[in-house]
Amino acid sequence: MQPAHYKTLRESMGMTREWVASMLGVNPRTAGYWEAVKTDEVPDYVEDFILDWWETYQERVREVLAEVHEETMKNGRSPECVNLTRFATKKQCQRANSSMTAGMHAALLGHITMALEQAKFTVEINFTPINVGD
């Protein structure tokens, strides 16, 4: 994978360079090197990691679209609005059993929103209230 493509995918999924480095057990400077102009290729294991996450995002988009289409068929009409819930903190993501950061969750909702709006659904994103300790 070319460094520019890697960086574009990483950023489009709301991943920070530091988070990727942490997940892969490398120094954040190493993760920065993968995006450097002087690098020809991102290591295969890094590419696999990013592409696995990319597939996870795409799979979730497909699942949400299928759920909304199923609801439309069941009710005989499209919902007036598809309501999505946005987690604003790491603790909220953890409570939802998600290994994503809040930034990644926001990015995923962006992907889902684009797909739903392209399918002509109206979308509303609601934040989960932040409690003390979140």
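The values are calculated or read from the model by the stated rules, or taken from the named source; none is laboratory data. Keep in mind that this is a model prediction, so the values were computed, not measured. Cβ sites come from the backbone with ideal geometry, for glycine too, and all protein chains shown count toward neighbours. Heavy atoms of the whole protein, side chains included, go into the accessibility calculation; ligands, DNA and RNA do not. Shrake-Rupley method; radii C 1.70, N 1.55, O 1.52, S 1.80 Å.
Solvent exposure of Ile112, expressed as accessible area, is near 10 Å², computed with a probe of 1.4 Å over the protein chains only. Ranked from largest to smallest solvent-accessible area, with a 1.4 Å probe on the protein heavy atoms, Phe127, Phe49 come out as Phe127, Phe49.
Using a probe radius of 1.4 Å on heavy atoms only, what accessible surface per residue do you get for the chain? Whole Å² is fine.
For the chain, the solvent-accessible area averages 62 Å² per residue.
Mind checking region 1-103 for trypsin sites (Lys or Arg not before Pro) that DSSP puts in a loop (not H, G, I, E or B) and that have at most 10 other Cβ atoms within 10 Å? Those satisfying the criteria are Lys38, Arg77.
When you restrict to C-alpha pairs under 8 Å that are six or more residues apart and normalise by the size of the chain, the relative contact order lands at 26 percent.
Give the residues of region 91-105 whose amide nitrogen is closer than 18 Å to a point set 7 Å from the Cα of Ile130 in the direction of its Cβ. So the set is 91-96, 101-105.
Close amide-amide hydrogen proximity is noted between Val82 and Thr122, Val123, Glu124, each under 5 Å apart and 5 or more residues distant or on a separate chain (H modeled in the peptide plane; Pro and chain starts excluded).
Based on DSSP H runs of at least 4 residues, each adding -39500 (n - 2.57), what is the mean residue ellipticity at 222 nm of the chain after dividing by all its residues, to the nearest 500 deg cm²/dmol?
After summing the helix terms and dividing by residue count, I get -19000 deg cm²/dmol.
Highest mobility in the GNM of the chain, judged by mean-square fluctuation with C-alpha springs under 10 Å and restricted to Gly103, Gly32, Gly14, is found for Gly32.
For Cα Rg over 2.2 N^0.38 Å, the value calculated from this model appears in [x] 1.22; [y] 3.21; [z] 2.14 under label [x]. Using a/c under 1.5 as the rounded threshold, could you call region 7-48 rounded, prolate or oblate? The axes a ≥ b ≥ c are square roots of the C-alpha gyration tensor eigenvalues, and prolate needs a/b larger than b/c, oblate otherwise. Taking the square roots of the gyration eigenvalues as a ≥ b ≥ c, region 7-48 is rounded. How about region 1-95: which GluC sites (Glu not before Pro) there lie in a loop by DSSP and see at most 13 other Cβ atoms within 10 Å? Those that pass, being in a loop and sparsely packed, are Glu41, Glu80.
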